[in-house]
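Remarks on the structure that follows.
The values are calculated or read from the model by the stated rules, or taken from the named source; none is laboratory data. Remember, predicted model here, so these are calculated numbers, not experimental data. Reconstructed Cβ throughout: ideal geometry from the backbone, glycine too, with neighbour counts over all protein chains shown. The protein model used for the area step is the full one, side chains on, heavy atoms only, and it has no ligands, DNA or RNA in it. Shrake-Rupley method; radii C 1.70, N 1.55, O 1.52, S 1.80 Å.
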Amino acid sequence: MKAVTWQGKRNVVVDDVPDPIIKEANDIVVRVTTTGICGSDLHLYEVLGPFMTPGDVLGHESMGIVEEVGSDITHVSPGDRVVMPFQISCGHCHMCDTGLQTQCETTQVREYKSGAALFGYSSLYGAVPGGQAEFLRVPQAQNTAIKVPEGPSDERFVYLSDVLPTAWQGVEYAGIPDGGTVVVLGLGPIGDMATRIAAYRGHRVIGVDLVPERLARVRSRGNEVLDIGALGDDIGDAIRDLTDGRGPDSVIDAVGMEAHGGRAGKLAHDAAGLLPDSLARKVMQTAGTDRLAALRAAIDIVRRGGTISLSGVYGGMADPLPMLVMFDKQIQFRMGQANVQRWVPQILPLLTDDDPLGVESFATHRVALADAPKAYDQFQKKLNGTVKVLLKP
Ligand SMILES: NC(=O)c1ccc[n+]([C@@H]2O[C@H](COP(=O)([O-])OP(=O)(O)OC[C@H]3O[C@@H](n4cnc5c(N)ncnc54)[C@H](O)[C@@H]3O)[C@@H](O)[C@H]2O)c1
Ligand SMILES: [Zn+2]
Ligand SMILES: [Zn+2]
């Protein structure tokens, strides 16, 4: 089959790889009909290379049609339409029972002290072949394949794999009080969707980014936006001016470890990238640092006693943080990969014909699998109005 494979830093290639097969009784194989490119894939494309092996199949936002099922699988049959959460979870361990599917004790990658295995997300997360491919093997399918109705377009359901639950958890973890205000840093797919969910729930939303089309998209839905490219370190003052001098109740950081602005982390990323993989892995797992511009901005922006919710992925082990300010302002933090199944029951009722979150028109680009390399490049460089790319294998 054809699949999008990682070959090196900023180098993905559509290649022929063996068709996936059923290996365990609780596997299924899915024929992929739609699969997204995520901001998280850009971390693999750029800074997480030391944990990748050339030929790894990328992708963790997939839906499609069940092709074959293992002998233990009863909730779906060949021909059914399914969407896969980006994490692989069993559905019956202590962590799954408490709604923390990203910490599934059956699939945790203990070799790297990581949480649940993820599709297409490096050796840190189990080196499981991903879904930017014609076919996908789904392990732990009893809990890792969600059946969705026939009829509406794939666009209605594909974001259940990641974007919707991630943005939903970002808003939940932000703990925005009734009538409160949230600032969303980063208006890529995750931040954009978080603004939609927060606004739908009746909160005042201020979006922040530096890419004009992304700011315009969020403004066009009736939200306030600010350009951090123009404001720089004055962003905190600009937001306090809009919020009674106090700052917002909550900030969602939907940027993560590759923020623009802030040089130190960039140098550390580049230096780690120059080492042989085994050394670079060690450096990143002990002394690695992130580019912290967005997180530092969040700490400055949030009001005293407010909450910062981190959706953006961080990977540093030795990040210098302003503990004095964090402690003095009594800031609360919540973070982590999204627990997909935990939020799906609350999100599904919103994926109706009146489409309150605008999922049907959310993607900016729908392209053939063969065009994935160009799409990765344009998504990373934010060219051609690219916000969300869906691949159609
Ligand atoms: N927690 C989860 O489960 C989960 C799931 C999916 C994605 N993510 C993470 O969420 C983050 C966003 O993903 P995405 O798909 O929206 O990707 P993206 O890369 O398109 O979005 C990042 C946005 O942040 C903006 N930005 C960069 N520096 C900034 C700064 N200093 N201040 C404000 N904005 C800045 C960029 O211009 C861009 O629009 C990534 O880190 C991704 O790994 C987390
Ligand atoms: Zn994703
Ligand atoms: Zn589990």
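Inside segment 115-128, can you point out the residues that are open to solvent by less than 20 Å² (accessible area, probe 1.4 Å) and under 11 Å from Gln87 (Cβ atoms)?
Gly115, Ala116, Ala117, Leu118, Phe119, Tyr121 - these are the residues of segment 115-128 that are open to solvent by less than 20 Å² (accessible area, probe 1.4 Å) and under 11 Å from Gln87 (Cβ atoms).
All but one of (1) open to solvent by 10 Å² or more (accessible area, probe 1.4 Å); (2) touching a Gly at 6+ places or on another chain (Cβ under 8 Å) hold for Val66; state the number of the condition that does not hold.
(1)
Taking segment 149-162 on its own, how many of its residues are in a helix (DSSP H, G or I) and either open to solvent by less than 10 Å² (accessible area, probe 1.4 Å) or in contact with a strand residue (DSSP E or B) (Cβ under 9 Å, 6 or more places away or on another chain) (or both)? Quick ask: steps written out before the conclusion?
First, pick out the residues of segment 149-162 that are in a helix (DSSP H, G or I): 154-156, 158-161.
Filter once more, so that each one left must be either open to solvent by less than 10 Å² (accessible area, probe 1.4 Å) or in contact with a strand residue (DSSP E or B) (Cβ under 9 Å, 6 or more places away or on another chain) (or both): 154-155, 158-161.
Residues that pass the stated criteria total 6.
Kindly provide the set of residues from segment 74-115 that are in contact with a helix residue (DSSP H, G or I) (Cβ under 6 Å, 6 or more places away or on another chain), outside any loop (DSSP other than H, G, I, E, B) and polar (S, T, N, Q), ordered by number.
Those that are in contact with a helix residue (DSSP H, G or I) (Cβ under 6 Å, 6 or more places away or on another chain), outside any loop (DSSP other than H, G, I, E, B) and polar (S, T, N, Q): Gln87, Gln101, Gln103.
From the list Asp15, Asp41, exactly one residue is part of a helix (DSSP H, G or I), away from ligand 3 (no atom under 16 Å from the Cβ) and either within 20 Å of Phe135 (Cα to Cα) or of a type in the set (Lys, Arg) (or both). Which is it?
It is Asp41.
Of all the residues that make up segment 23-39, how many are within 16 Å of ligand 1 (Cβ to nearest atom) and in contact with a Phe, Trp or Tyr (Cβ under 7 Å, 6 or more places away or on another chain)?
The total comes to 1.
Could you list, in sequence order, all residues of segment 178-199 that are open to solvent by 10 Å² or more (accessible area, probe 1.4 Å) and polar (S, T, N, Q)?
The one that is open to solvent by 10 Å² or more (accessible area, probe 1.4 Å) and polar (S, T, N, Q): Thr181.
Identify, please: which residue in segment 23-56 is closer than 15 Å to Leu391 by Cα and open to solvent by less than 20 Å² (accessible area, probe 1.4 Å) and is, among those, nearest to ligand 2 (Cβ to nearest atom)?
Out of the qualifying residues, it is Cys38.
So Asp253 ticks every box in (1) open to solvent by 30 Å² or more (accessible area, probe 1.4 Å); (2) in contact (Cβ under 8 Å) with a residue 40 or more places away in the chain; (3) of a type in the set (Asp, Glu) but one. Which box is left unticked?
Result: Asp253 fails condition (1) only.
Just to be sure before I move on: is Gly306 farther than 30 Å from Thr144 by Cα and touching a strand residue (DSSP E or B) at 6+ places or on another chain (Cβ under 8 Å) in the structure I sent? Show your work before the answer.
Details: farther than 30 Å from Thr144 by Cα: yes; touching a strand residue (DSSP E or B) at 6+ places or on another chain (Cβ under 8 Å): yes.
When the stated conditions are applied, Gly306 passes them.
Among the residues of segment 304-338, which ones are open to solvent by 60 Å² or more (accessible area, probe 1.4 Å) and among the basic types (Lys, Arg)?
Those that are open to solvent by 60 Å² or more (accessible area, probe 1.4 Å) and among the basic types (Lys, Arg): Arg304, Arg334.
Residue under question is Val57, and the condition is that it be more than 16 Å from ligand 3 (Cβ to nearest atom), in contact (Cβ under 8 Å) with a residue 60 or more places away in the chain, touching a Leu at 6+ places or on another chain (Cβ under 7 Å) and not charged (D, E, K, R); does it hold?
In short, no.
Quickly run through segment 321-339 and pick out the residues that are of a type in the set (A, V, I, L, M, F, W, C) and more than 17 Å from Ser114 (Cα to Cα).
Passing the criteria: Leu321, Met323, Leu324, Val325, Met326, Phe327, Ile331, Phe333.
This table checks each residue for (1) within 16 Å of ligand 2 (Cβ to nearest atom); (2) open to solvent by 50 Å² or more (accessible area, probe 1.4 Å); (3) closer than 15 Å to Asp27 by Cα.
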| position | (1), (2), (3) |
| --- | --- |
| His75 | no, yes, yes |
| Ile88 | yes, no, yes |
| Leu100 | no, yes, no |
| Val109 | no, no, no |
| Gly130 | yes, no, yes |
